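Everything on this sheet refers to the single structure shown next.
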Amino acid sequence: MGKTGTQAPGLHDNALARNKGSALELDWINDIQVNRSAVERRCSTLGGRRSVKKDAQAGWLLKAITCIDLTTLNGDDTAARVRRLCAKARQPVRPDLLEALGVADRQITTGAVCVYHRFVREAVEALDGTFIPVAAVSTGFPAGLSPHDTKLREIEASVADGAREIDIVVTREHVLTGNWQALYDEMSDFREACGDAHVKAILATGDLRTLRNVARASMVCMMAGADFVKTSTGKEAANATLPVSLVMLRMIRQFHERTGNIVGFKPAGGISTAKDVLAYQILMKEELGRRWLEPDLLRFGASSLLADIERQLEHHVTGRYSANNRHPMA
Ligand SMILES: O=C[C@H](O)COP(=O)(O)O
């Protein structure tokens, strides 16, 4: 990867075709196996085999910024907080740092801003004039236990308010009981309700008990047309991890090999350091290739990651770390 980042194109501004999905292939789902110790071994060697330093690291971190779904999903969210978040999404790095990094001419923004349905309109207004899409968490986020029709209406309302991306949560019970038909039907309905908005399927992997369930749920959601598979809501006891991500990436690869469809990946929840993000980028590159490092195929769902990335970039430029309280938002 080169030294510089690029402006996040947003999913709609990229020529990439959407995932058309496929029929529900139950034989294929039932055949999926996961060897947990092999997965853990692969992840534990990741950091040792490759590290990204200095200018190259600054380039990777700038690219990571363009992949962040800058998120606020709290009970005490307010319109003012959402507007501040949008201002940060427009200008995620201080201009003097961008100047020093030689990328002042690039309009670096985050990949999206992610909010509850209640704040979609505020976010759309605050991002007016940019390419930054608003992502809404819908379908009874985070538990996903509202009635099915209510979830569909919520998606439609978010799209009507201007959300261009919808993060849905799956019904965990369908996965835990192996009811793949119900999961497929639910996901297909969500996809249809999204219309032109891209849909990310949140599996809430921390609730799914086994890596095999994670693999099978990923595959069923992709068959039903999910444009992205996303690990977590950020509210489960266990959120994004490298082993869970590896399993999901292998499913994305298998789905691509078998159907030709390209699906993106969004690790989310608990990703708060530049070091974390570099590990995910390396995993993506090794498992799926460079193409999956772009914001139309990789997003980091994160509320506090940007602050650490900015600190690392500042250190790269000045040799000093600033205090965390200089980066109060994100
Ligand atoms: O989808 C995004 C997550 O909710 C963000 O989680 P986080 O607050 O742990 O970064």
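The values are calculated or read from the model by the stated rules, or taken from the named source; none is laboratory data. Keep in mind it's a predicted model, so treat the numbers as computed, not measured. Don't worry about glycine lacking a Cβ; one is built from the backbone with ideal geometry, like all the others, and counts go over all protein chains shown.
For the range 40-83, the tally of residues that are farther than 15 Å from Ala279 by Cα, more than 16 Å from the ligand (Cβ to nearest atom) and touching a residue at least 12 places away in the same chain (Cβ under 8 Å) stands at 5.
If I filter the range 265-272 for residues that are part of a helix (DSSP H, G or I) and at pLDDT 95 or above, do I get at least one hit? Looking through the range 265-272, none of the residues is part of a helix (DSSP H, G or I) and at pLDDT 95 or above.
Could you list, in sequence order, the residues of the range 242-265 that are within 16 Å of the ligand (Cβ to nearest atom), in contact with a Phe, Trp or Tyr (Cβ under 7 Å, 6 or more places away or on another chain) and not hydroxyl-bearing (Ser, Thr, Tyr)? Steps first, answer last, please.
Filtering the range 242-265 for residues within 16 Å of the ligand (Cβ to nearest atom) gives 242, 244-245, 248, 264-265.
Pick out the ones that are also in contact with a Phe, Trp or Tyr (Cβ under 7 Å, 6 or more places away or on another chain) and you get 245, 248, 264-265.
Matches in the range 242-265: Met248, Gly264, Phe265.
The one condition from (1) modelled with pLDDT under 95; (2) more than 24 Å from the chain's Cα centre (by Cα) that Leu24 does not meet is (1).
Taking the listed residues Asp189, Asp161, Asp149, Asp196, the one that is at pLDDT 95 or above, surrounded by fewer than 14 Cβ atoms within 10 Å (Cβ to Cβ), in contact with a helix residue (DSSP H, G or I) (Cβ under 8 Å, 6 or more places away or on another chain) and acidic (Asp, Glu) is Asp196, with no other qualifying.
Applying the selection to the range 102-131, what residues are of a type in the set (Gly, Ala, Ser) and within 15 Å of the ligand (Cβ to nearest atom)?
Residues of the range 102-131 of a type in the set (Gly, Ala, Ser): 102, 104, 111-112, 123, 126, 129.
Answer for the range 102-131, where residues must be of a type in the set (Gly, Ala, Ser) and within 15 Å of the ligand (Cβ to nearest atom): Gly111, Ala112, Ala123.
Going by the conditions given, is Leu70 surrounded by 21 or more Cβ atoms within 10 Å (Cβ to Cβ), modelled with pLDDT of 95 or more and touching a His at 6+ places or on another chain (Cβ under 9 Å)? So Leu70 fails the test.
Can you tell which of Ala307, Ala274, Ala268, Ala302 is within 15 Å of the ligand (Cβ to nearest atom) and within 24 Å of Val220 (Cα to Cα)? Answer to the check: Ala268.
From the set of residues in the range 221-232 that are of a type outside the set (Gly, Ala, Ser) and under 22 Å from Gly178 (Cβ atoms), which is farthest from the ligand (Cβ to nearest atom)? Lay out the reasoning, then the answer.
Pass one, the range 221-232, residues of a type outside the set (Gly, Ala, Ser): 221-223, 227-231.
Those still in the list that are under 22 Å from Gly178 (Cβ atoms) too: 221-223, 229-231.
Values: Cys221: 16, Met222: 19, Met223: 23, Val229: 13, Lys230: 7, Thr231: 9 Å.
Out of the qualifying residues, it is Met223.
Residues that are among the polar types (S, T, N, Q) and away from the ligand (no atom under 14 Å from the Cβ) within the range 132-169 comprise Ser146, Thr150, Ser158, listed in sequence order. Being surrounded by fewer than 24 Cβ atoms within 10 Å (Cβ to Cβ) and not small (Gly, Ala, Ser) is not true of Asp227. For the range 106-114, the criterion of being of a type in the set (A, V, I, L, M, F, W, C) and in a loop (DSSP other than H, G, I, E, B) is met by at least one residue. Note on the range 241-264: among residues that are among the small types (Gly, Ala, Ser) and outside any helix (DSSP H, G or I), the one that is surrounded by the fewest Cβ atoms within 10 Å (Cβ to Cβ) is Gly260.
Inspect all residues belonging to the range 282-305 and state whether any of them is more than 16 Å from the chain's Cα centre (by Cα) and among the hydroxyl-bearing types (Ser, Thr, Tyr). Working first, answer last.
Looking only at the range 282-305, we keep the residues that are more than 16 Å from the chain's Cα centre (by Cα), and these are 286-287, 289-290.
Checking the rest, the ones that are also among the hydroxyl-bearing types (Ser, Thr, Tyr) come to none.
Among the residues of the range 282-305, not one is more than 16 Å from the chain's Cα centre (by Cα) and among the hydroxyl-bearing types (Ser, Thr, Tyr), which makes the answer no.
Among the residues of the range 139-160, those that are touching a residue at least 40 places away in the same chain (Cβ under 8 Å) and small (Gly, Ala, Ser) comprise Gly144, Ala157, Ser158.
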